[in-house]
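Rule-based calculations on the coordinates, nothing more; no lab input. Treat the numbers as computed from the prediction; the structure is a model and nothing was measured.
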Amino acid sequence: MAYLLLGDADEAEDVAQEAFIRAYGALDSVKAGHPLRPWLLQIAKNLAHNRRRSARRYLAALQRWWTTQPPPATSTSPNSADAELLWRAIRRLSVADQEILYLRYFLEMPVAETAAVLAVAKGTVKSRLARALVRLRNVIEAEFPELREGAVP
């Protein structure tokens with residue numbers, strides 16, 4: 001979760017370690033019978049947001065640089081190229097839209113767990129997800145036409 005939100009492995013590792021330290025310190029506040037995963041992911045999400053907020057200027061400069069750089073080529077297969085383009089398209093969305101997509105599709109979390117991580121109702125998750133998908137579709141149409149269904153390579 002931290003890596004998906006921050007996009008940097010070292011920063012994500014720091015956030016994950018801090019999340020586990022904070023979770024351990026607050027373990028007695030977890031209600032019996034409630035799953036730990038959403039609680040732990042919420043801690044990681046909040047810490048990642050704090051990290052982004054505290055380094056806003058630096059991250060803005062880094063993001064400008066990142067968007068001008070081509071993604072590293074890991075493979076020449078069509079699926080790999082599509083995955084890289086999709087990753088770039090998602091990074092064009094707001095942080096809130098990225099979060100909801102990461103939780104549901106990258107981390108494959110059910111709606112109930114996603115709602116717990118984001119501290120919102122299940123219906124809110126569904127509506128935010130629908131809106132994020134519409135915005136992603138618009139970004140793909142405008143900036144990444146090669147990702148459209150039926151596009152010829």
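Can you give the direction-averaged projected area of the convex hull of the alpha-carbon atoms in region 73-153, in nm²?
Approximately 5.8 nm², given one-decimal rounding.
Would you mind calculating the gained length between V30 and V95 on full extension (0.36 nm times residue separation, minus the Cα-Cα distance), in nm to one decimal?
20.7 nm
Using a Cα-Cα cut-off of under 19 Å, which aspartates and glutamates could be cross-linked to K122, ignoring same-chain neighbours fewer than 8 residues away?
Excluding near neighbours in sequence, the set is D97, E99, E108, E113.
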